Amino acid sequence: MQKIIIKENAIFIADVHENENRRGFWDFLQALKDKKIQTPQLFLMGDIFDLLIYEVKATHDFAKAYIDLLEELADEIEIIYLEGNHDFNLAKFFKKVKVFSIKQQPLLCEFQDKTLVKLAHGDIFLKPFLQFCLKSLRNHYLLLFLNFLNVTSKEKITQKILKNQNKKQLIRKIPQFATLVKERIKHYNVKFIIEGHYHQDVFLEFEDTKYLNLPTFAYKESFFVVKYEPEIRFHKIELKEA
């Protein structure tokens, strides 16, 4: 696949965690549709929904309107969707939105000045056992079995997961995060890295490598807009107060 060129005014959004009680992303998509917010390119960096899995049918109803609207927007906007650890096996939902699974991450892209950049949700390059568990959870047949259990239990499994997600603390500074990142960037082999997942909202530099960890949209409905001034800049926008 040809490298994706990151365009002027591209938008990066991560960790929306949209659910029945949190609808900020729906408002954001409506603003795109109404052209109150304009962009040629939208990067969805994973965990856009609190729970969306193709094989688990109980997760579909809530997301359907979003999927339809994203497909409509994709007629005019290039939409790149990197799967997260809460939303995966998504390819069959979309025809126009470009979906990248965990196996396809990190995704190699390029800024307009030819600087290479790799994108990932962030749940890669983990300790072997944890990586194995995350990979196993995406197994098609295991998920079909989970769907069967969920149906027979009258959706108690998915309801429990969503209830726990509502209690989750979205903002928490990770101690010694820079040390963690310094180890992670060794796996990327590029000069610029963008991740979500950790909800840290920080920009770090290590010698000649730049690392951006995106904020969780769920907190202040924050996202970044790419500018070339001519240097690469990420302008942060917050649509609401905490």
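The values are calculated or read from the model by the stated rules, or taken from the named source; none is laboratory data. Since we're looking at a predicted model, the values are computed, not measured. All Cβ positions, even for glycine, are placed from backbone atoms using ideal geometry, and neighbour counts span all protein chains on display. Note: areas computed on protein heavy atoms with side chains; ligands, DNA, RNA excluded. Shrake-Rupley method; radii C 1.70, N 1.55, O 1.52, S 1.80 Å.
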Q: Please work out which residue is modelled with the lowest pLDDT, limiting yourself to region 129-184 and to residues that are surrounded by 12 or more Cβ atoms within 10 Å (Cβ to Cβ) and outside any helix (DSSP H, G or I).
A: Leu170
Q. In region 33-52, how many residues are open to solvent by 10 Å² or more (accessible area, probe 1.4 Å) and among the hydrophobic types (A, V, I, L, M, F, W, C)?
A. 2
Q | Matching residues, region 216-242, being touching a residue at least 40 places away in the same chain (Cβ under 8 Å), open to solvent by 10 Å² or more (accessible area, probe 1.4 Å) and in contact with a Ser or Thr (Cβ under 8 Å, 6 or more places away or on another chain) | A | Val225, Ile232, Leu239
**Q.** Conditions (1) open to solvent by 10 Å² or more (accessible area, probe 1.4 Å); (2) more than 28 Å from Cys133 (Cα to Cα); (3) touching a residue at least 12 places away in the same chain (Cβ under 8 Å); number of the one not met by Tyr66
**A.** (1)
Q. Given Tyr198, Tyr188, which one is in contact with a Pro (Cβ under 7 Å, 6 or more places away or on another chain), open to solvent by less than 40 Å² (accessible area, probe 1.4 Å) and in contact (Cβ under 8 Å) with a residue 60 or more places away in the chain?
A. Tyr188
Q: Only residues in region 136-149 that are touching a residue at least 24 places away in the same chain (Cβ under 8 Å) count as the first member; pair them with residues that are in a helix (DSSP H, G or I) and open to solvent by 70 Å² or more (accessible area, probe 1.4 Å), Cβ under 7 angstrom, at least 6 apart or cross-chain, and list the lot.
A: Asn147/Lys57
